[in-house]
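Here's the structure, in structure tokens; my notes come after.
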Amino acid sequence: MDEEIRVPVSLPLDSEGFLRRECPTCEREFKWFSHNEGDPNAEPATQYFCPLCGVPSGLDSWWTPAQLEYGYGNAGGAIDEAVNDIMADMFKGVKGLTYKPNPSFSLEIETPDPLIEPDDMVMVEPPCHPNEPLKVPEDSTERIYCLICGSAFAA
Ligand SMILES: [Zn+2]
Ligand SMILES: [Zn+2]
């Protein structure tokens, strides 16, 4: 099996469109605004600065443990399906043999409950990049770093 199985995982946003993130450096959580694809207000970036500790990291290093677990769990269902498809293909064209997919076949990877995103934290707007608002824990508003350029500001 050399095919790559890609699983689109949609993560929940809070009611204002913010996505929860965890900094790989300080391991604290915050939220950034999730722009729609093609949104002209989305700032192009090759890295993001942690609003809480100011240390930059690559675009793909901000998953919370719950999001990672959720992603793996969702991959389970897709792998089951892919295996079923491959089995069906293998038996196709074998004379006198019909392959009946077994609906209860499963690798027994549990599909997780949907993630729920609470409307917590306070929204702050970096003065240098007001189009990239953030949400930070209530006790962390005194010194915040801009996600895009890393400039410090106070809410
Ligand atoms: Zn941090
Ligand atoms: Zn900025």
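Bear in mind these aren't lab numbers, they're just calculated from the coordinates by the rules spelled out. The model shown is predicted, which means the values in this text are computed figures rather than measured ones. Virtual Cβ from ideal backbone geometry, glycine too; neighbours counted across all protein chains shown.
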- Quick one: which residues, 5 or more positions from Leu52 or on another chain, have an amide H under 5 Å from its amide H? H modelled 1.01 Å from N in the peptide plane, none for Pro or chain starts. Tyr145
- Query: Cβ under 9 Å from Asp14's Cβ, Asp14 left aside: what net charge do those residues give with Lys, Arg +1 and Asp, Glu -1?
  - Reply: -1
- Task: Treat each spin label as a single point 7 Å out from the Cα along the C-beta direction, and report the Met90 to Ala42 distance in nm.
- Result: 4.0 nm
- If one computes the Cα centroid of the stretch 128-155 and of the stretch 40-92, what distance in Å separates the two points? 25 Å
- Query: How would you order 127-133, 145-151 from highest to lowest mean count of nearby Cβ atoms within 10 Å?
  - Reply: 145-151, 127-133
